[in-house]
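The values are calculated or read from the model by the stated rules, or taken from the named source; none is laboratory data. It should be emphasised that the depicted structure is a prediction, and the values quoted were computed from it without experimental measurement. Cβ sites come from the backbone with ideal geometry, for glycine too, and all protein chains shown count toward neighbours.
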Amino acid sequence: MTVNRRDVLKRLTVGAVAVAALPGTQLGKKDDTPSFHGPHQAGIFTPSQRNAVFAAFDVVGSLRPALQTLTTRARFLTTGGEPPAGPITAPPADNGVLGPVVPADRLTITVSVGASLFDGRFGLAARKPLTLTTMGVFPGDALDPAWCHGDLLLQICADNPDTVHHALRDIARATRGSLLLRYRRAGFLSPPRPAGTPRNLLGFKDGTSNPVEAEGAELIWAGAGEPDWAAGGSYQVLRFIRMHTEFWDRVSLAEQEAIIGRRRDSGAPLDGVRELDQPDYERDPSGVVIPLDAHIRLANPRTAETANSRILRRPYNYDDGMVPGGDLDAGLIFCAYQQDLRRGFEAVQKRLAEDPLNDYLRPFGGGYFFALPGVTSKEDWYGRALLG
Amino acid sequence: MVNFRITLLAAATVVVVAAAGAFVLAPSEAATPVPTEPEARALIDKYRTDAIKAISRDIRYTEAISTIGACTDPPGTYSISARYSLMPPSATAGAAAVDALRKRWTGLGYDLVTDVPGQNSQLLTEDPATGFRVGISQRAASYLRLAVSSPCLALPYTPTTPVLPEEQASVREAYQQYVAGVLDQLTRDVTALRSAVAGSDRAKARAAWLTAQLTWDRVGAAYGSFGAYADAIDGLPQGLPAGVRDKDFAGLRRIEYGLWHSEALGTLLPLVEAVGKQVTALRGDLPGATPAAVDLPLRVHEILEDALRFHRTGRTDMGAGAGLAEMAADVDATEALLDLFGSLLDERRPELRPAAHAALEKLRHAIAVRRDVDADLGGVLELLAQAPGLLEVTGS
Ligand code: HEM
């Protein structure tokens, strides 16, 4: 009977793949399942999946077994398959949210460590990545300590929200007693409207200009001077940014476009026509077409001196309840990867200090983290080189 | 409140209902599909970008103005156009650009409308596929003007007459006088606060603080207007590394914090004196420190946008719980500003100001009875957001 059931499942799976192979569907395409093993973690240059949760944990038990368990769970969850059946007398091993066979669903689980992990509790004080610090306060921030920092950060992304939820719940269960959830926030990536890069909740395409994977060695992956164990890792910045969407909607389109520096409809820079046109700031030294303080111009002035401050943004929208006063609580989960926190995020953020966009934003949380090197083999686990 | 909302003069879209500009000539009879306004704007970008690609990279933009001009035939239609001033490094470079564009546009099959060569050259072409006109003229050795205009379009709204720069300047002048009066009052309030803080009656000091704070709110200093002065007078602790304990946290909010957190009155004295100095300095510097005329229309809704973002969320509350009282002061400031623009608004949309005043009155009542404040505030803001677009100036 078991055999029969398996056969049915197999046939169902084959059927699903056949359906998924139809033009226009992304789901289940075998070749775009991000690989779990490799020198770098998946979820960094991986094309963004539709859903994500960012979950910070504090380590309250022993670190090593927690990271080993985390690895085992992540390896299974990102590969998918049938969860092992436990004894019928015990509660089921899997929470069942994804049905009897766990689909991979392009799931990635990216594990990062915060500065607090190196505070001495785990004997790691001497092994801290070079530029990893606790995130400070920037002008305009209204940080809520409940939404900041953490020993570990998990970025869990998949095409469907149930897959993301299933993974977080599975991991929290497997590490219960040693990892304590500190905060978590779910985000989504909109579908292309109507084409090109997905839009954020200000209505603008977000993610158009980003470094490409070939630039990883110069811009994204841990570089010279880092401890040996860190090779292949990357600094990650997380910022929870509330948007004053009501206020934004009361601003004229011309002003919105001047604030961002791009057209709202097409995503083109104001001096171009198509989304992927490159802005030409040399042609416009006094900012008459793209204002000098447009968000894209401050964020990336495209000069030789600022080229190495470019960062890889991997943002998600969030949309959750209300703020006092009755406005929508909606915004952006800003997530960015870079080789050096000072040279990357902080340099950009400093340039954005006078960004007119800030009036419509209120950062309320986040933190600095270091995404661990990839898990390279079946025997390897997250942080093996770090813990020695 | 250190941020600046941008000044749109350079990139502003202004409406010229009067005679259409040099390049907005009568449309061709070509039976081309008439685009919608967004399509027309996207096409303008396309013609501009295409032209710019055809000329030397050493030629730089110096000004950009977009206008809407009324067409006479058929009446009630409008042509959207954009002009870009460009600076070539030399007269020869400018002439070469004109030649390059003549080649480009004729090569694309555009019809020549005007082609005056030489010193004061003027070249105008029309794309028969769309009826759009694109032209370049060399006005001086180092001055080129690229212009793109749409055929006559029906718009889903009637464009309003732009405000003249001198009209805006006189509103600024009047606002400056209004602020001067409020600051004179503030000077007296701060003196009273000083003597209260020098005494030993905390309740009296708190009341004196509230009076001074509300007077300052009546200035309407939204959006980082009055820059460093405003930061010194009522800067907030958020964004400072050590928050309320930061050494740079000073001004009226810091005094409020001390008054409501059992700090000895005497320790607040230097803070009060510093505020007094800043008020005097700002009063003396008003002609320079008053926001630019082009920014003032935005303040019509921004003062209450600030109330929503700061007072309504409790972010400015350092213990006094005066958010609602402060919002009422913001209503005063908004009404004052609205009336400074009175005739300009009334000429353009007569129903707006009475509606705004009624809504502000309703909000004032809601504040007084502490009911429906959020709903009324939201309603007022949606109305006030109509104002800035009616008050833009021509860019010339
Ligand atoms: C809610 C907050 C934010 C919003 C709504 C926002 C929106 C946008 C938009 C619409 C673009 C243009 C499209 C693109 O190239 O992706 C953009 C670009 C960019 N943003 Fe932001 N952004 C936000 C926060 C930030 C922050 C906090 C940073 C970094 C400190 C940042 C850095 C950048 C960079 C580097 C670019 C690319 C510029 C270029 O290469 O041309 N943004 N942002």
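Looking only at residues in region A:172-192 that are assigned to a loop (DSSP other than H, G, I, E, B) and over 28 Å from A:LEU270 (Cβ atoms), which one is nearest to the ligand (Cβ to nearest atom)? Quick ask: steps written out before the conclusion?
If we filter region A:172-192 for residues that are assigned to a loop (DSSP other than H, G, I, E, B), which is where we start, we get A:175-178, A:189-192.
After this cut, where a residue has to be over 28 Å from A:LEU270 (Cβ atoms) as well, the list is A:175-178.
Details: A:THR175: 31, A:ARG176: 34, A:GLY177: 36, A:SER178: 33 Å.
Per the criteria, the residue is A:THR175.
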Item checked: Which numbered condition B:SER225 misses (of (1) over 27 Å from B:VAL294 (Cβ atoms); (2) part of a loop (DSSP other than H, G, I, E, B); (3) not hydrophobic (A, V, I, L, M, F, W, C)) -> (1)
Notebook entry, point to check: Does B:ALA375 satisfy being among the aliphatic types (A, V, I, L, M) and within 21 Å of A:SER252 (Cβ to Cβ)?
Noted result: no
Next item on the list: Would you mind telling me which numbered condition in (1) modelled with pLDDT under 95; (2) more than 10 Å from every other protein chain (Cβ to nearest Cβ); (3) surrounded by fewer than 20 Cβ atoms within 10 Å (Cβ to Cβ) B:ALA355 fails?
Entry: (1)
Next item on the list: Select from region A:305-339 the residues that are in a strand (DSSP E or B), among the small types (Gly, Ala, Ser) and within 9 Å of the ligand (Cβ to nearest atom) and write down the one among them that is nearest to A:ASN160 (Cα to Cα).
Entry: A:GLY331
Margin query: Condition check: at the interface with chain B (Cβ under 10 Å from one of its Cβ atoms) and not in a loop (DSSP other than H, G, I, E, B). Does A:LEU357 satisfy that?
Written below: yes
Check: Being within 26 Å of the chain's Cα centre (by Cα) and closer than 30 Å to B:GLY379 by Cβ, is that true of even one residue in region A:264-285?
Finding: yes
Notebook entry, point to check: If you take the residues in region B:132-150 that are assigned to a loop (DSSP other than H, G, I, E, B) and surrounded by fewer than 23 Cβ atoms within 10 Å (Cβ to Cβ), which one is modelled with the lowest pLDDT?
Noted result: B:ALA141
Next item on the list: Identify the residue in region A:252-263 that is more than 9 Å from the ligand (Cβ to nearest atom) and of a type in the set (D, E, K, R) and, among all such residues, is surrounded by the most Cβ atoms within 10 Å (Cβ to Cβ).
Entry: A:ARG263
Margin query: Condition check: crowded, with 21+ Cβ neighbours inside 10 Å, touching a Gly at 6+ places or on another chain (Cβ under 9 Å), among the hydrophobic types (A, V, I, L, M, F, W, C) and closer than 30 Å to B:VAL300 by Cβ. Does A:LEU238 satisfy that?
Written below: no
Notebook entry, point to check: Has region A:218-225 got at least one residue that is assigned to a strand (DSSP E or B), aliphatic (A, V, I, L, M) and more than 12 Å from the ligand (Cβ to nearest atom)?
Noted result: no
Next item on the list: Go through the residues of region A:365-383 one by one and say whether even a single one is closer than 30 Å to B:SER225 by Cα, part of a strand (DSSP E or B) and within 14 Å of the ligand (Cβ to nearest atom).
Entry: yes
Note to self: Based on this model, can you work out whether A:LEU352 counts as touching a Leu at 6+ places or on another chain (Cβ under 7 Å), near the ligand (Cβ under 10 Å from one of its atoms), within 14 Å of chain B (Cβ to nearest Cβ) and under 30 Å from B:MET87 (Cβ atoms)?
What the structure shows: yes
Notebook entry, point to check: B:THR280 is checked against (1) surrounded by fewer than 23 Cβ atoms within 10 Å (Cβ to Cβ); (2) at pLDDT 95 or above; (3) within 30 Å of A:ASP144 (Cα to Cα); (4) of a type outside the set (D, E, K, R) and fails just one. What number does that condition carry?
Noted result: (3)
Item checked: Residue under evaluation A:LEU70, criteria (1) at pLDDT 95 or above; (2) of a type in the set (A, V, I, L, M, F, W, C); (3) assigned to a loop (DSSP other than H, G, I, E, B), criterion not met -> (3)
Next item on the list: All but one of (1) among the aromatic types (Phe, Trp, Tyr); (2) without any contact (Cβ under 8 Å) to a residue 40 or more places away in the chain; (3) touching a Ser or Thr at 6+ places or on another chain (Cβ under 6 Å) hold for A:TYR337, so report the exception by its number.
Entry: (2)
Item checked: Meets criteria (surrounded by 18 or more Cβ atoms within 10 Å (Cβ to Cβ), more than 15 Å from A:LEU202 (Cα to Cα), near the ligand (Cβ under 10 Å from one of its atoms) and of a type outside the set (Lys, Arg)) for A:LEU361 -> no
Check: Which ones in region A:264-279 are crowded, with 19+ Cβ neighbours inside 10 Å, more than 8 Å from chain B (Cβ to nearest Cβ) and either part of a loop (DSSP other than H, G, I, E, B) or of a type in the set (Phe, Trp, Tyr) (or both)?
Finding: A:GLY267, A:PRO279
Note to self: Considering only region A:237-248, I want to know if a residue exists there that is in a loop (DSSP other than H, G, I, E, B), at the interface with chain B (Cβ under 10 Å from one of its Cβ atoms) and farther than 29 Å from A:LEU124 by Cα.
What the structure shows: yes
Next item on the list: Starting from region A:259-281, keep only residues that are farther than 19 Å from B:ALA82 by Cα and acidic (Asp, Glu), then list their pairs with residues that are within 9 Å of the ligand (Cβ to nearest atom) and at pLDDT 95 or above whose Cβ atoms are within a distance under 8 Å, requiring at least 6 positions of separation or different chains.
Entry: A:GLU275/A:THR197; A:GLU275/A:LYS205; A:GLU275/A:THR208; A:GLU275/A:GLY267; A:ASP277/A:PRO269
Notebook entry, point to check: Given the structure, is B:SER66 modelled with pLDDT of 95 or more, within 12 Å of chain A (Cβ to nearest Cβ) and surrounded by fewer than 22 Cβ atoms within 10 Å (Cβ to Cβ)?
Noted result: no
Next item on the list: Quick one: in region A:266-304, of everything that is farther than 20 Å from B:GLU39 by Cα and among the polar types (S, T, N, Q), which residue is farthest from the ligand (Cβ to nearest atom)?
Entry: A:SER286
Next item on the list: Give the residue, chosen from B:ARG348, B:ARG371, that is more than 21 Å from the chain's Cα centre (by Cα) and basic (Lys, Arg).
Entry: B:ARG371
Check: Residue check: is B:LEU337 under 21 Å from the mean Cα position of the chain (by Cα), in a helix (DSSP H, G or I) and surrounded by 21 or more Cβ atoms within 10 Å (Cβ to Cβ)?
Finding: yes
Check: Counting only residues that are more than 8 Å from chain B (Cβ to nearest Cβ) and over 27 Å from A:GLU346 (Cβ atoms), how many does region A:281-300 have?
Finding: 0
Note to self: Given the criteria at pLDDT 95 or above and either under 22 Å from A:MET322 (Cα atoms) or within 14 Å of chain B (Cβ to nearest Cβ) (or both), does A:VAL212 qualify?
What the structure shows: no
Next item on the list: Give me a count of the residues in region A:193-209 that are near the ligand (Cβ under 6 Å from one of its atoms) and touching a strand residue (DSSP E or B) at 6+ places or on another chain (Cβ under 7 Å).
Entry: 6
Item checked: Flag if A:GLY150 is on the phi > 0 side of the Ramachandran plot, surrounded by fewer than 17 Cβ atoms within 10 Å (Cβ to Cβ) and either within 14 Å of chain B (Cβ to nearest Cβ) or more than 15 Å from the ligand (Cβ to nearest atom) (or both) -> no
